[in-house]
Amino acid sequence: MTLRPRASAVLPAGGGGAGSFGPLQTVPAAAPHAAVSIACSREGLARARSFTRDTLGGWSLHQCGDDAALVMTELAANAVLHAASRCPGEPDVRLEFRLEPAHLLLTVTDPDDRPPVRQPPGADADLEEHGRGLRIVDALSEEWGRFPAVPAGKTVWARLSTRPPT
C-alpha cells in the first residue's frame, strides 16, 4: 500500500450521472491518495476491505468506513469476478482512494474494456444471491461511473461524502 501525493490526475467530476463517463476534472497533486493492487482471489478481496479500513482510519474518516468498505468490496468483487477472469495474464486489480475537500473518491481499475452492467431487480430481488453489487454502490455513493483506463481496461469510480451524518 502506498500513501503519497501524485502528479495531477484526471478524474471524474460531479454531474456525470451513474454509469456514465461524465465530465472530467483535474485533481491537485497534493490531494491525499492511497493505492494498492490486489490479486484476483478471496485473499485479494479481504485485502481490499483491510486496505479500506486502514486507509480511512489513517485519514480519521471512521464515519465513512462501513459504506466505503462495502462500496470498495463490491467494485473490487465485480472486477475480480467479471473483468479479470476474462483477461488471462492480467491477474491484478488496482484500488485507489483520493481524498477531496468534502468527498472520498474510490476507484477500481481492471484490464477489461467492457462497462459494468447494473442488473435490474428481479421478481425475487430480496432472495437474489448475485447481481446486487452496483445497486449497492448506487445506493451508498453520491454518484458513480466509469472511464477508460490507459492503455486498456476501465476504471469504475464512486464518490462518497466525508461529512458526518446529521
**Message:** I'd like the full set of residues that are farther than 18 Å from A76 by Cβ and modelled with pLDDT of 85 or more, limited to segment 117-149.
**Reply:** E142, E143, P148
**Request:** Search segment 52-68 for residues being under 19 Å from G133 (Cα atoms) and in contact (Cβ under 8 Å) with a residue 24 or more places away in the chain, and hand back the single one that is surrounded by the fewest Cβ atoms within 10 Å (Cβ to Cβ).
**Result:** D67
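The values are calculated or read from the model by the stated rules, or taken from the named source; none is laboratory data. Given the structure is predicted, the values throughout are model-derived calculations rather than measurements. Glycine also receives a Cβ, built like all others from the backbone with ideal geometry; neighbour counts cover every protein chain displayed.
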